[in-house]
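Shown next, in C-alpha cells, is the structure this report addresses.
The values are calculated or read from the model by the stated rules, or taken from the named source; none is laboratory data. On a predicted model such as this, the values are computed, not experimentally measured, just so you know. Counting neighbours? That spans all protein chains shown, and the Cβs are built from the backbone with ideal geometry, glycine included. With ligands, DNA and RNA removed, areas are computed over all heavy atoms of the protein, side chains included. Shrake-Rupley method; radii C 1.70, N 1.55, O 1.52, S 1.80 Å.
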Amino acid sequence: MGLVGVQGDGNGEMALSLGSKNKYKRMDSELSDDFEDDASHHHHQLGRKKSTRKYVLACAIFASLNNVLLGYDVGVMSGAIIFIQEDLKITEVQEEVLVGILSVISLLGSLAGGRTSDVIGRKWTMAFAAIVFQIGAAIMTLASSFEVLMIGRVLAGVGIGFGVMIAPVYIAEISPTVDRGSLTSFPEIFINLGILLGYVSNYAFSGLSVHTNWRVMLAVGILPSVFIGFALFIIPESPRWLAMQNRVEEARSVLLKTNENDKEVEERLSEIVAAAGISNGEKNEEKAVWRELLSPSPSLRRMLITGFGIQCFQQITGIDATVYYSPEIFHDAGIVNKSKLLAATVAVGVTKTALILIATFLVDRVGRKPLLYVSTIGMTVCLFTLSISLAILGKGQLGIAMALLCVCGNVAFFSVGMGPVCWIVTSEIFPLRLRAQASALGAVGNRVCSGFVAMSFLSLARTITVGGTFFLFSLFSALSVAFVYELVPETKGKSLEQIELLFQNHNEWDGSEMELGDAQHLVHKA
C-alpha cells in the first residue's frame with residue numbers, strides 16, 4: 001500500500017518526502033488538461049449531434065414533399081368532385097372512375113419507381129415524380145371536358161405513384177437507426193398535411209363560381225412540387241444506393257453527415273457494403289432481382305407477405321373511402337348544407353393530422369407493434385360503431401354527432417398506427433439489393449386496394465347501404481389485428497441489416513417483439 005509523499009530512501013527505509021511543489025502543480029495541470037480535453041470533446045460531440053439531427057430532419061422533410069401532393073389530391077377531390085359534377089355534368093360512374101383512377105394509375109408509377117430508383121437513384125426519382133405530377137395537375141386545372149380531366153388525372157397518378165413509393169425507402173436508408181421510425185413516418189405526416197390543406201382549400205374556394213372554384217382547388221396542388229426543385233440542392237443521394245453503385249467513398253461522406261460518430265459510420269458502411277454484395281465482387285442484375293422476387297427464399301417470402309399484406313390491409317379497411325367520400329357519409333347522416341359538409345371534413349383533416357404527429361413521437365419509443373395493435377383495434381371499434389349508427393340512428397342530431405365522432409375516431413386511430421407504421425415496416429424489412437423493387441410491390445398492393453375501394457364505394461353503398469359498407473370495412477379491420485399479431489415483427493432499434501437477419505430466423509420474433517399487452521399498457525399511459 002503506497003502513500004502519497006512517501007518514498008524509499010537509498011537504504012531501503014521509508015522516509016517522508018515533502019515532495020516538490022512543482023511536482024504537484026504538474027499533476028494538477030495534467031488533470032486540468034484532461035478535463036478540458038474531455039469537455040472540449042463532449043462539446044464537439046454535442047455540436048455534431050445537433051447538426052446531424054438537423055441535417056437528417058431537413059432531408060426527411062424535403063423527401064416527404066411529394067407526399068403532400070397525394071394527400072392534397074385525396075383531400076381536395078372530396079370537395080371538388082361536388083362542383084366538377086355540377087360543372088361538367090358527369091355521371092355517378094364517371095365520378096367513381098375519376099376519384100378512383102388516381103390510385104389505380106399510381107400503381108404504375110410505384111411499380112416503375114423501384115427499377116427507376118435503382119438506375120438513376122432515389123433523389124432523382126423524387127424529382128421525376130414532381131415533374132410528372134405538375135404536368136398532370138396543370139392539365140386538370142385547364143380541363144374543359146371529362147376526357148381531358150382524365151388525362152391530367154392519369155399523369156398526376158403516375159407522378160404520385162413514383163413519389164409515394166420512393167420517399168419512405170430514401171428516408172429509411174439515410175436515417176440513423178435510433179430515429180429511423182419517427183423519420184420514416186414523415187411521408188405519412190405530409191400525406192395528412194396535404195389532406196388537411198385539401199379540405200381547407202375546398203372550404204376556402206367553395207364560394208367562387210362553379211366553373212372556377214374546382215379549377216382553383218386543383219391548381220393550388222402544383223405549389224408543393226415547386227419546392228421539391230429547391231430540395232434537390234440540399235438533400236444527398238442515399239448512401240445505400242451509392243454503395244450499390246460501388247461509390248463507397250461518396251456513401252461514407254453521406255453517412256458522416258447523417259450519423260453522430262465515426263465508429264457508427266464505419267460499422268454502418270461495412271454492413272451496407274456487405275449487403276450490397278460489393279465486398280465479394282457480386283453484381284446483382286435486374287433479371288436476378290426479379291427472379292429472386294418471383295422465386296423467393298423462405299425468409300424473403302415472409303418479408304413479402306408482411307410487406308404486401310400490411311399495405312393491402314391499410315387500404316381495405318376503407319381509409320381512402322372515408323377521406324374521399326366524407327361529404328357523402330355526412331350527407332347520409334343528415335348534413336345537407338354544402339358549406340357545413342365541407343366544414344365537417346376540415347374537422348376530419350385536423351384530427352387526422354394531429355394524431356399522426358403523436359405517432360411520430362411514439363414509434364421509436366414504444367415500438368411498431370403496440371401502435372399497430374392500438375390502431376387496428378380502435379379502427380375496428382369505430383368502423384363497427386359507424387355502421388350501426390348509420391343503420392339505426394337515422395338522420396337526426398344524434399346520428400350526425402355519432403357519424404362525426406366515429407369518422408374522426410377512425411382516422412385518428414388510423415393515423416396513430418396503421419397509417420405511418422405501414423410505410424415504416426415496408427421500408428425496413430427488405431434486403432438492400434431488393435429494397436426498392438420489393439417496396440414497389442408493396443406500394444402496388446396499396447394502390448390497387450385503394451383504387452378498388454375508391455371506385456366501388458358509391459356503387460357498394462347503393463347496394464348494401466353506407467352502413468353496410470362500413471360494417472364490411474370493420475370486418476377487414478378485425479382481420480388486420482390478427483395479421484399484425486401473427487406476421488409483423490418488432491423492428492424498433494434494429495439496423496436495416498439486422499432486420500434482414502431477423503426474418504431469416506423466424507423463431508427469434510418472440511424474443512424481440514412487444515406483445516398485445518404492451519399496447520394495452522400504452523393505452524393506459526395515454
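Structure summary
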item: Residues within region 153-186 that are closer than 25 Å to Glu260 by Cβ, of a type outside the set (Phe, Trp, Tyr) and in a helix (DSSP H, G or I), tallied; result: 15
item: Qualifying residue in region 441-452 (condition: among the charged types (D, E, K, R), touching a residue at least 40 places away in the same chain (Cβ under 8 Å) and part of a helix (DSSP H, G or I)); result: yes
item: Residue tally, condition of a type in the set (S, T, N, Q) and crowded, with 19+ Cβ neighbours inside 10 Å, over region 202-247; result: 5
item: Count of region 187-205 residues which are touching a helix residue (DSSP H, G or I) at 6+ places or on another chain (Cβ under 6 Å) and either among the small types (Gly, Ala, Ser) or in a loop (DSSP other than H, G, I, E, B) (or both); result: 3
item: Among (1) of a type outside the set (D, E, K, R); (2) modelled with pLDDT under 90; (3) open to solvent by 40 Å² or more (accessible area, probe 1.4 Å) - the single one Ala478 does not satisfy; result: (2)
item: Among (1) closer than 26 Å to Met126 by Cβ; (2) open to solvent by less than 20 Å² (accessible area, probe 1.4 Å) - the single one Glu250 does not satisfy; result: (2)
item: Some residue of region 484-491 being in a helix (DSSP H, G or I) and touching a helix residue (DSSP H, G or I) at 6+ places or on another chain (Cβ under 6 Å); result: yes
item: Region 78-127, residues that are touching a residue at least 40 places away in the same chain (Cβ under 8 Å), outside any helix (DSSP H, G or I) and of a type in the set (S, T, N, Q); result: none
item: Residues of region 374-430 that turn out to be of a type in the set (Ser, Thr, Tyr) and either surrounded by fewer than 24 Cβ atoms within 10 Å (Cβ to Cβ) or in contact with a Lys or Arg (Cβ under 7 Å, 6 or more places away or on another chain) (or both), as a count; result: 5
